[in-house]
Structures are given as structure tokens and as C-alpha cells.
Amino acid sequence: MAIGYLQIQARTAQEAIPIDGARVLVLDDEANTLYRLTTNNSGETRAVALETVDRSFSLNPDYQGIPYANYGVTVEAPGFRSVSVTKIPIFDGETAVLPVTMMPLGETQPRQTSEINITVGPPAVAMGGDRDQEGSSADARILRQVVIPNPITVHLGAPGSPAANVQVSFSDYVKNAASSEVYPTWPEAALKANVYAIMTFALNRIYTEWYKSQGYDFDITNNTAFDQYYVPGRAIYDSISQIVDELFGEYVRRQGQEAPYFTSFCNGTTATCQGMSQWGTVSLAERGYSPLQILRNYYPRDIEIAQTNIVTNILTSYPGTALRQGSSGLDVQTIQTYLNRIRRNYPAIPAITDPAGTFGESTRAAVEKFQSIFKLTPDGIVGKSTWYTLSIIYSAVTRLAELDSEGTTLGIGTVPPSTVLRQGSRGQDVITLQYLLNVVSRYYSDVPAPAQDGIFGSGTRQSVVAFQQATDLDPDGIVGPRTWQALYNIYLGIQENVPTPGPGTGTGTDTVTYTVQAGDSLWLIAQRYDTTVNAIKQANGLTSDALKIGQILQIPVSSAPYVEYTVRAGDTLWELARRYDTTVTAIMQANGLTSSLLQIGQVLRIPVG
């Protein structure tokens, strides 16, 4: 049986705050619990191994089955809405990272009705339906330069539908869209060709202002008939994530032109089109084609790869040259400032002891840990992708601090104003409204942040309507008693439930379920699982050392990756070791076995990775 991996990240406020100690369950497709995990002070669990389908099936366009296995995840943390994610595709040999956005409970919000349910489902390449993408590489209404939007606004439905808009960083958008469109097991050249097409398609929508020029308030949709797939809350595959980081800012254009080419595409099997065939990229890559050769096979022969470093809403632009150990100067000092501030929220990042502006060993160690936490290539080098991720996270954590300070200055209390506000209103209560919406927008991606100018204009009304839709209120754009109360309820819940930046208090350990057998004692079980008697007693609320046969215990275990396996007829330790690429000795040590005899139904912890 093939093995894939899944890691969960629980964070809030646009990743500014990690959720330490969140309880995570990993479930099979029938809702049976496979793992019980706990997030660490970076808001992440260890990667767990899961059985799946051999990767060869995901390389065959004629295969009629599902070339992956589906799993589910639930995440709970005190003070936050619980999150349930189902139909997460796990592929052979691939690590899927599931970013779970935790939304704080309102002050009076009942926990039992606060679950967020997300279904991921199959990538677009496996779905039927025609793609009728329309666009242009040269339009009468265009921007002066090719810019990377930060954030990009995605409409979660067809143009003109009443669906919500969400805002996300451009890098995260491309990673999500690529993970939602194709299989991560494809050859690297095929994946790069698809990432180029996805990235360029989005930049073309921005450059030509395709939707803005039609009066819409978004940049692109997630409807595959018009644009490309985007699934909020889906898992992102490491293989795709690393390619997006490598190609960040690059796009396809025709020689002699500035505009991003309109890189339309379809799967090439159940749907055909004039653009790129996604399945066709696989066969071309297997024949040795480079990404550019693949693209030229479907688009004009004179296309080329261009680069833009212009990113909107970034404090300091990328210097153009990667920073590494031995570098010095103001740019190095800038990233040191960013890392030292981010470290207050992510204490796993080590302190920088190098002189300001000197990229020494401690700066390299801090960069590597930051890259590891945010799923960048952990090479200790600050290239364009690491630079922009640093900038985005730094902006997120500092903006929260600014909002806290603004709230103190405004004197936000616990009782809402009694005024009714609508478009055209002005004054102090409008400033209070705009402040509250700015706070909420950090935790609700579908609520845009309005300008804080004391004037209730169209931007403030748009934000009010989005908030009313998110909280099941009448979306009339008028701030009356019910909208005021909902705003205050959520604002006070944020103040009460969101942890203050600083070192976390969670244990970062995981648990495994164990059934007490004859002859067991807490000391023996602790020795078997490399933990302590006190840790077991604390995890199970025990007040004595007495155990009963058949008693179910949750055993705290270290973060070493393993998969739980139930012994079947014919299984041997040698066969299990070969199947999971480990050793007989490692399996015996992980389970405290003194012989190689196995029993049908016995549950083993198999070390992997």
C-alpha cells in the first residue's frame, strides 16, 4: 500500500497568530479516528502517514478510478469555532499541508452551533464540464505595469452570482489554484507549465482589469467555466508549493509585449479547448520537454518567460538579489527587523544575535526556521518568495498591534452606539464602525477592510454588507442595532479568545489510543511509549495508578512520525517493515515488542519517514 502524508496548521488573523494546543483529529473516509494530534507553538502538527493509492494511477489519463485516498480533519481550540474538513485528497509520496483558519467565537456565540464545514473534493482535472474562458492579452483598459496583487480578491462563484469574495495573498492563491487544478504527482516540468499558466492567467485578469472594467468588485472567480479553480480551506501540496515559490513573479508573455498572455487551459480529456491541455503536459514532460517547450506547444511559438517584482501593499520591495550568510547592509537589517518582530508571535524562531545589518549564523538559523514554519524551502537564503512572505507576515503581526493601540485610543467599550449609520453618514461613530470592521477583517477573509476616514462611503458599505452576509444578517448595508450588536459581539470575543503574542503554553505532543491488557501497569506503558507515568495520568485525569483490563487510555507520545496499523491475516514484521520503508527493529522498539509474533487485530505503531 502506498503512503502519503498530511500536516495541519491552525492559525488566525491572516497567519499572524498561531494556535498553540489545538486538538486535531485525522479521520478516514468513514469518520474513524486515525490520529489524535496537538498543535505546537507554531500552530502546526507533525506530518502523519496515511495509506493511499499508488502514484502510477494519477499519471494515467485513462484511469477511471480515484487515484488518491480521501481523509478528513477536525480541529478544536478553546475560544474558536471548530473546523471540519472532509474529502482531502492524499497522494502517494506527497505531503499535503492543510491550513486551517481558526475564527474566534463571539462573546455570546454558542459553541455547539459554531462548526465550520469545508469539503475539498477532486481537482478540476478530474471533473467534467466545458471551460469557456474568455480574455485578452491587450485590452483598451489596462494597467501601466504588470503587478502582483497583494491581496487578490476571489469571487467564490460565477460572475454575477451572490457568492462571497475572499482576499488572499497572491502566492497562496496560486498554490491553492494549482493544488485544486492538477495532481501533485505529475512530472516537475508538467507542474511548472501548469503553474506558469495559472499564475499568468491571474495576472492577465489583473492587468486587463477584466472584471473591474465590468463593474465587479473582484479580480477573478473560482468558477472553472470562466476562470480557474480555487477551494477555500483546501490542503496545499509541498511539491506544488515549492514550484510556486521558485517561479513567484514570473509569467508568460509574447516577445515584444508587456501584457501577460491569456493562458487558457482545460484538462484535454473530458474537455477540449484552444488553450493548453493539462493532461497533455504530462505526456510532453515524460517525453523530455521543458516547461517553456510545453507552453510553446499550446500557445504561440514566440512566447517567453518574463519577470515582475512589483507587488502591491508591500512595505519594502525585494532588493533583486538573494540575501544569504555573508551578506550585509540595509536589506539585511530589514529582514532582521521583520524576523525579530515575527518571533514574538512565533517563538520557535530563534533569536538573532548578529550585529544589525550582518547576515551571520543566527540570522541564517532564524530564516531557516521561518521558512520551515511557512512551508518555504528551508535553505536559509532570502530569495524573492521568502522576502515577500516575510513582508506579508510582518505586516499582519504589526497591523494587529496597531489595531490594538487604535482600540485603546478610541475607547471602544462594551456597549454599541445607538446611532443608525448608512452611506453618507460621517463622524466619530463612523470611525468606530470602520475600526471594528478593520479588526473583523483580520479574522474573516470575506470581509474587506474599509478606509478609516470617518466617511461612510461605498467602500465602508461594501464591508458592512460582507459582514452582514458572514453573520446571517439582512445585507442592507445599514448599521442598525442588530449589526452594531453583532460587531461588538465578535469584537469582544476576539479580545477574550485570541491569545496574546508570546511563547505558547501547549505541550506540542500527540496521543495514541491504548487499550489496557492483562499485566499492564502505568510504568510499563510509559516505558513502552517513551513517556512518563505523570504524563499519562494527566492526559487521562487519573488520580491513582490502578488500571482495569479493557480500559481506554490516551498515551502522550513524542512527535516522531508513525502510522497506526491493525494487523491482518498473513502479516509479518518483515513484510510491514518493507511496506513502510522501515526496519523490524524500529517497529519492535516503537511498540515495546519482545518477539516477532503478531496477533490479528493487534494495533501497531509503524515508524515512517
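Regarding segment 6-27, can at least one residue be identified that is of a type in the set (Ser, Thr, Tyr) and over 19 Å from residue 400 (Cβ atoms)?
No, segment 6-27 contains no residue that is of a type in the set (Ser, Thr, Tyr) and over 19 Å from residue 400 (Cβ atoms).
Whether a residue is closer than 27 Å to residue 60 by Cβ and over 22 Å from the mean Cα position of the chain (by Cα) was assessed, and residue 193 passes this test.
Residue 415 meets all of the listed conditions (1) surrounded by 14 or more Cβ atoms within 10 Å (Cβ to Cβ); (2) within 14 Å of residue 485 (Cβ to Cβ); (3) of a type in the set (A, V, I, L, M, F, W, C) but one, namely (1). So how many residues does segment 258-317 have that are of a type in the set (Val, Ile, Thr), surrounded by fewer than 16 Cβ atoms within 10 Å (Cβ to Cβ) and within 20 Å of residue 127 (Cβ to Cβ)? Result for segment 258-317: 3.
Okay, residues lined up against (1) at pLDDT 75 or above; (2) within 24 Å of residue 52 (Cβ to Cβ); (3) among the acidic types (Asp, Glu); (4) assigned by TED's automatic domain parsing to the domain that holds residue 94:
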position	(1), (2), (3), (4)
566	no, yes, no, no
570	yes, yes, no, no
574	yes, yes, no, no
578	yes, yes, no, no
581	no, yes, yes, no
585	yes, no, no, no
602	yes, yes, no, no
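For residue 351, which of the numbered conditions (1) in a loop (DSSP other than H, G, I, E, B); (2) under 25 Å from the mean Cα position of the chain (by Cα); (3) of a type in the set (Gly, Ala, Ser); (4) not assigned by TED's automatic domain parsing to the domain that holds residue 487 fails to hold? In the conditions (1) in a loop (DSSP other than H, G, I, E, B); (2) under 25 Å from the mean Cα position of the chain (by Cα); (3) of a type in the set (Gly, Ala, Ser); (4) not assigned by TED's automatic domain parsing to the domain that holds residue 487, residue 351 misses (2) alone. All told, residue 446 falls short of being of a type outside the set (Val, Ile, Thr), free of Cβ contacts under 8 Å to residues at least 24 places away in the same chain and either surrounded by fewer than 21 Cβ atoms within 10 Å (Cβ to Cβ) or under 25 Å from residue 171 (Cβ atoms) (or both). Which of the residues spanning segment 213-257 are assigned to a strand (DSSP E or B) and surrounded by fewer than 18 Cβ atoms within 10 Å (Cβ to Cβ)? The answer is 250, and nothing else.
The rows are residues; the columns are (1) at pLDDT below 95; (2) hydroxyl-bearing (Ser, Thr, Tyr); (3) within 30 Å of residue 282 (Cα to Cα).
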{"residue": "45", "(1), (2), (3)": "no, yes, no"}
{"residue": "51", "(1), (2), (3)": "no, no, yes"}
{"residue": "71", "(1), (2), (3)": "no, yes, yes"}
{"residue": "75", "(1), (2), (3)": "no, no, no"}
{"residue": "86", "(1), (2), (3)": "no, yes, yes"}
{"residue": "95", "(1), (2), (3)": "no, yes, yes"}
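Checked against the criteria, residue 114 counts as modelled with pLDDT under 95 and of a type in the set (Gly, Ala, Ser). The residues of segment 399-440 that are in contact with a strand residue (DSSP E or B) (Cβ under 8 Å, 6 or more places away or on another chain) and part of a helix (DSSP H, G or I), listed by number, are 400, 429, 430, 433. Residue 233 passes every criterion in (1) on the phi > 0 side of the Ramachandran plot; (2) at pLDDT below 95 apart from (2).
Applying the set (1) modelled with pLDDT of 95 or more; (2) in a helix (DSSP H, G or I); (3) of a type outside the set (A, V, I, L, M, F, W, C) to residue 289 leaves exactly one unmet item: (2).
Residues of segment 359-398 that are part of a loop (DSSP other than H, G, I, E, B) and not charged (D, E, K, R): 359, 360, 374, 376, 377, 378, 380, 381, 383.
For the condition among the aliphatic types (A, V, I, L, M), part of a loop (DSSP other than H, G, I, E, B) and more than 25 Å from residue 149 (Cβ to Cβ), residue 271 qualifies.
Filtered by the rule that a residue be small (Gly, Ala, Ser), assigned to a loop (DSSP other than H, G, I, E, B) and at pLDDT 75 or above, segment 493-521 gives 518, 519, 521.
If the condition is being over 20 Å from residue 50 (Cβ atoms), outside any strand (DSSP E or B) and among the aliphatic types (A, V, I, L, M), then segment 1-22 contributes 13, 16, 19.
In segment 23-133, counting only strands (runs of 3 or more DSSP E) that sit wholly within it, the ones holding 3 or more residues that are closer than 24 Å to residue 191 by Cβ span 48-52, 69-76, 83-90, 95-101. Residue 220 meets all of the listed conditions (1) without any contact (Cβ under 8 Å) to a residue 60 or more places away in the chain; (2) touching an Asp or Glu at 6+ places or on another chain (Cβ under 6 Å) but one, namely (1).
Could you tell me whether segment 354-366 includes any residue that is at positive phi and small (Gly, Ala, Ser)? Yes, the conditions are met somewhere in segment 354-366.
When residue 527 is tested against (1) modelled with pLDDT under 80; (2) under 36 Å from the mean Cα position of the chain (by Cα), just one condition goes unmet, and that condition is (2). Specify the residue that is surrounded by the fewest Cβ atoms within 10 Å (Cβ to Cβ); the eligible residues are those in segment 183-212 that are farther than 20 Å from residue 126 by Cβ and polar (S, T, N, Q). Only one residue fits best here, namely 208.
The values are calculated or read from the model by the stated rules, or taken from the named source; none is laboratory data. Quick caveat: nothing in here was measured; it's all calculated off a predicted structure. Note that each Cβ is placed from the backbone with ideal geometry, even for glycine, and that neighbours are counted across all protein chains shown.
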